[in-house]
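The values are calculated or read from the model by the stated rules, or taken from the named source; none is laboratory data. Everything numeric here is computed off the predicted structure, so don't read it as measured data. We place every Cβ from the backbone using ideal geometry, glycine too, and count neighbours over all the protein chains shown. The protein model used for the area step is the full one, side chains on, heavy atoms only, and it has no ligands, DNA or RNA in it. Shrake-Rupley method; radii C 1.70, N 1.55, O 1.52, S 1.80 Å.
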Amino acid sequence: MAEPAAPRKTDIGPPQYDQFLHPVIKKNYGKWKYHEILKPGVMVHVSETGDKIYSIRVGSPRLISVDVIRMFADMADKYCDGYLRFTSRNNVEFLTDKEGNIDPLIKDIQANGFPVGGTGNSISNIIHTQGWVHCHSAATDVSGVVKATMDDLYEYFVEMKLPHKIKIAAACCLNMCGAVHCSDIAILGIHRRPPQIDDAQVSNVCEIPTTVSSCPTAAIRPTTVEGKQTVKVDGDRCMFCANCYTVCPAMPIADPLNDGISIWVGGKVSNARSEPMFTKLAVPFIPNNPPRWPEVTEAIKKIVEVYAAGAQRYERLGEWIDRIGWPQFFDLTGFEFTKYHIDDFRHAGETFHRSAQIKFK
């Protein structure tokens, strides 16, 4: 009789998540009764068993060194029995069931130069994509833009003085790895010129059928130049997404003179009070100006300030704009209204206004 097979060892897929849960979370899984914010950056979850777990949220710039990671780990060992987690917005959340450890932890974290906040009616850290360092289709370096923006909005991270929360997202191109379509404020890198085609190299480094099929607007067609198979791009149909460059390196799209940033506002995922909203264009183009992007940070801070001054309590940014009207939004922010703000997408009526939100009258 054959021996039973040994348990299979594999590195495919993540390890089972529950082995990393804090013991209090594991014990009370599915039994949480309510939660409340005790002060900026500090939240408590209370179980129906009476157990409590405290989370302390710390902002990070996302690109951090191993020394910083070791510092966070040491803090977790000292105050939280080794338990912390990284959120999708690049916050570090320390988890402890010992209320007395909260203030000493915050004191040590702040002494190391990191802010505590991002909860409730504040601005949480910005969720964003990679930027020039890692992404081949980037129109801007969102990592740098995000750092400069959060430096300018620091007071709104560590305090809860806004009418409601503000979620900011940033994406380095319109392929939109970040959630820029449904955030209160969105920073979106944009290309403004079609890809440049190296006809001599296309047939050497690209599969032409794959390149043609990569275009979501059917702007690419096969052609022949000086006896060599290549492609051509219909500039009127190109939406500058760089999908073709992803599969064909002979079609670079990056253009320092024409790449830059657009700013969008008014999106949200929540269906509380009103249905979910897509973002709409506020500023069509700002040239890249590294390393601090002052024009971008100034525009975003202006949006935050006029919203903070005029919105009602618990009114999201998009709801506030809907109430006062877009003309007044442009008047308050000082942004110029241009032809690019006119929504002429022919299928907009079929695709933009879909919701499970139902109001009974």
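In the stretch 223-234, is there at least one residue being farther than 30 Å from V304 by Cβ, touching an Asp or Glu at 6+ places or on another chain (Cβ under 7 Å), open to solvent by less than 30 Å² (accessible area, probe 1.4 Å) and among the polar types (S, T, N, Q)?
Checked against the condition, which is being farther than 30 Å from V304 by Cβ, touching an Asp or Glu at 6+ places or on another chain (Cβ under 7 Å), open to solvent by less than 30 Å² (accessible area, probe 1.4 Å) and among the polar types (S, T, N, Q), the stretch 223-234 yields at least one hit.
Among (1) without any contact (Cβ under 8 Å) to a residue 24 or more places away in the chain; (2) touching an Asp or Glu at 6+ places or on another chain (Cβ under 6 Å), where does A6 come up short?
Unmet for A6, out of (1) without any contact (Cβ under 8 Å) to a residue 24 or more places away in the chain; (2) touching an Asp or Glu at 6+ places or on another chain (Cβ under 6 Å): (2).
Quick check on the stretch 236-284: of everything there that is within 19 Å of the chain's Cα centre (by Cα) and aromatic (F, W, Y), which residue is farthest from I197 (Cα to Cα)?
Ranking the qualifying residues of the stretch 236-284, first place goes to F278.
Consider the stretch 98-130. How many of its residues are surrounded by fewer than 17 Cβ atoms within 10 Å (Cβ to Cβ) and touching a residue at least 12 places away in the same chain (Cβ under 8 Å)? Lay out the reasoning, then the answer.
If we filter the stretch 98-130 for residues that are surrounded by fewer than 17 Cβ atoms within 10 Å (Cβ to Cβ), which is where we start, we get 98-100, 103-104, 107-108, 110-113.
Among the residues that remain, those that are also touching a residue at least 12 places away in the same chain (Cβ under 8 Å) are: 98-99, 104, 108, 112.
Total meeting the criteria: 5.
Please pick out the residue among C173, C238, C182 that is surrounded by fewer than 21 Cβ atoms within 10 Å (Cβ to Cβ), in contact with a Gly (Cβ under 7 Å, 6 or more places away or on another chain) and not polar (S, T, N, Q).
Result: C182 is the single residue among C173, C238, C182 that is surrounded by fewer than 21 Cβ atoms within 10 Å (Cβ to Cβ), in contact with a Gly (Cβ under 7 Å, 6 or more places away or on another chain) and not polar (S, T, N, Q).
Using the structure shown, decide if L174 is closer than 30 Å to V231 by Cβ, touching a residue at least 12 places away in the same chain (Cβ under 8 Å), of a type in the set (A, V, I, L, M, F, W, C) and part of a strand (DSSP E or B). Before the answer, list the steps.
Values: closer than 30 Å to V231 by Cβ: yes; touching a residue at least 12 places away in the same chain (Cβ under 8 Å): yes; of a type in the set (A, V, I, L, M, F, W, C): yes; part of a strand (DSSP E or B): no.
In short, no.
Please determine, by comparing only the residues of the stretch 137-160 that are in a loop (DSSP other than H, G, I, E, B), modelled with pLDDT of 95 or more and not acidic (D, E), which one is farthest from W293 (Cα to Cα).
Here the answer is M160.
In the stretch 283-316, which residues are part of a helix (DSSP H, G or I), in contact with a strand residue (DSSP E or B) (Cβ under 8 Å, 6 or more places away or on another chain) and more than 24 Å from G260 (Cα to Cα)? Before you say what the answer is, go through the steps one by one.
Kept after step one, since they are part of a helix (DSSP H, G or I), are these residues of the stretch 283-316: 294-310.
From what's left, in contact with a strand residue (DSSP E or B) (Cβ under 8 Å, 6 or more places away or on another chain): 295-296, 299-300, 303-304, 307.
Within the stretch 283-316, just Y307 meets the criteria.
Could you please find all residues in the stretch 265-284 being touching a residue at least 60 places away in the same chain (Cβ under 8 Å) and surrounded by fewer than 22 Cβ atoms within 10 Å (Cβ to Cβ)?
Once the filter is applied, which keeps residues that are touching a residue at least 60 places away in the same chain (Cβ under 8 Å) and surrounded by fewer than 22 Cβ atoms within 10 Å (Cβ to Cβ), the stretch 265-284 yields V269, N271, S274, E275, P276, F278, K280, L281.
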